[in-house]
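The values are calculated or read from the model by the stated rules, or taken from the named source; none is laboratory data. Source: prediction; values computed, not measured. Reconstructed Cβ throughout: ideal geometry from the backbone, glycine too, with neighbour counts over all protein chains shown. Remember, those area values only see protein heavy atoms, side chains included, never the ligands or the DNA or RNA. Shrake-Rupley method; radii C 1.70, N 1.55, O 1.52, S 1.80 Å.
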Amino acid sequence: MRISGKVKSLPVSGIRKFFDIVSQMDDVISLGVGEPDFTTPWRIREACIYSLEKGYTTYTSNYGLLELRKLISADIQRRFGISYDPETQILVTVGVSEAIDLALRAILEPGDEVIVPEPCFVAYKPCVVLADGVPVAIPTGAETGFAPKPEQVEDAVTPRARAIMLCFPNNPTGAVMARPGLQKIVDIARKHDLVIITDEIYDKLIYGVEHTCVASLDGAYERTIYLNGFSKAFAMTGWRIGYAAADAEVIEAMMKIHQYTMMCAPITAQMAAIEALRNGEGDTAEMIRQYDRRRRIIVGALNEMGLDCLEPTGAFYAFPSIKSTGLSSEEFAERLLHEEKVAVVPGNAFGDCGEGYVRCSYATSLENIREAMDRMAAFVRRVNR
Ligand SMILES: Cc1ncc(COP(=O)(O)O)c(C=O)c1O
């Protein structure tokens, strides 16, 4: 069967390729996966089971259960002081993954450009392409704490520029961009009438710094599509629940696509999300405490073995430079996997400027982290000898 040229042109995710190899091997310690190692807290699972017992097994409104949208709206209002009308400005989606796709498809005309600071989540650029847009990558590096410089954003704006995608806390770098820098980007978006798509899925996983919600910045609200979800903060990757909040017209446009392609997010998972927002805060706090402990240990160990690693202040990733070893990211990851049975993700999977780095997820046990760091230190010593 003939496959569409657009789809054919998409690369297979660099992460997937690598983990196909990992899955064939025994005894590998994986720092590769981007998902919590915790099981969804029991109270959330129990609420879901109870909803099934009570017979909640139907479609919901295309927008999602109103009760859930009200809780999402209240959560955003409480944390960031901005209001979204639960009736018209919030759409519950099948993960943030679907929300990214819907946001792009709702706003792009063929050939419109979307500015994407890299390194970034692997789905952004393919989703832009699938929405007939053109991704315009801007590289960032450790020297700016993996934050795009305002002049880079300004230089990337052409007459076809339509939107910019932001993601802080960031996957894969763990970087959190502070309010003044984000405000400068919002000002540029305003000047050039760009939509801001902000993926804040890691916003609750933050260590010793403050999260800035982009939509809360001066002049941002009207032009921002705010995306968030339950996968990371509540260890609910398998439930597939995310949401978008924005201007009612944009949400309605996104809802139309969602209506014809998904119908609605699964009711059982929506019931679980309701419980997460009502009573899950303490569970998230405990996970954050554990991530923070692991974060300090992994960053300390990486720096000690001579791999420069900027302190990540969000998400659950460390992104050390491996440039001192003289190996490329892929050589480093492949050799580390075969020689020491430790899996990390080559940084170039997240964009060309990720070359020279690897992503290490610390969403795994302390015991695994310690053992993986011992093996990695031995590997680095051997390579540098
Ligand atoms: C930055 C970012 N956005 C979105 C997603 C996808 O999240 P979801 O499980 O809600 O689809 C991920 C998953 O790794 C991610 O890292």
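A few comments on the model shown:
- Additional length obtainable on full extension of the chain from Glu35 to Arg2, 0.36 nm per residue less Cα span: 8.4 nm
- Per-residue extension of 0.36 nm, minus the Cα-Cα distance of Thr88 and Glu311, leaves a gain of 76.3 nm for this segment.
- Antiparallel content of DSSP bridges confined to segment 127-246, in %, to 5: 35
- Using the Cβ-Cβ distance between Ala378 and Arg45 with R0 set to 35 Å, the FRET efficiency works out to roughly 0.30.
- Sites Ser324 and Glu67, calculated FRET efficiency, Cβ-Cβ separation with R0 35 Å, nearest 0.05: 0.10
- Subtracting the Cα-Cα distance of Val209 and Arg160 from their residue separation scaled by 0.36 nm leaves 14.1 nm.
- Solvent exposure of segment 257-326 as accessible area per residue, Å², 1.4 Å probe: 43
- Cα→Cβ-extended label distance, 7 Å offset, between Tyr260 and Ser13, nm: 2.7
- Computed from the C-beta positions of Glu304 and Arg179, the FRET efficiency with R₀ = 30 Å rounds to 0.40.
- Only the Cβ atoms of Lys and Arg (+1) and of Asp and Glu (-1) were treated as charged; on that basis the dipole of segment 278-385 about its Cα centre amounts to roughly 260 debye.
- For segment 54-194, the per residue solvent-accessible surface stands at 40 Å², with DNA, RNA and ligands left out and a 1.4 Å probe.
- Annotation: lysines with alpha-carbon distance below 17 angstrom to Lys191 (same-chain offsets under eight excluded): Lys149.
- Residues of segment 325-354 with amide N under 16 Å of a point placed 7 Å along Cα→Cβ from Arg385: 336, 339-340
- Label-point separation in nm, Thr57 to Asp20, each point 7 Å along Cα→Cβ: 3.8
- Most fluctuating residue given options Leu104, Leu277, Leu205, as computed from a GNM of the chain linking Cα atoms under 10 Å: Leu277
- Summed side-chain charge close to Pro117 - residues other than Pro117 whose Cβ falls under 12 Å, Lys, Arg +1, Asp, Glu -1: 0
- With all protein chains in place and a 1.4 Å probe, the accessible surface of the chain carries 50 percent carbon and sulfur.
- Each residue, Arg370 and Glu222, gets one label point 7 Å from its Cα in the Cβ direction; the gap between the two is 5.7 nm.
- Cα pair distances in segment 56-117, grouped into 5 Å bins until the bin that holds the longest one, percent each: 4, 15, 19, 21, 18, 13, 9, 2, 1
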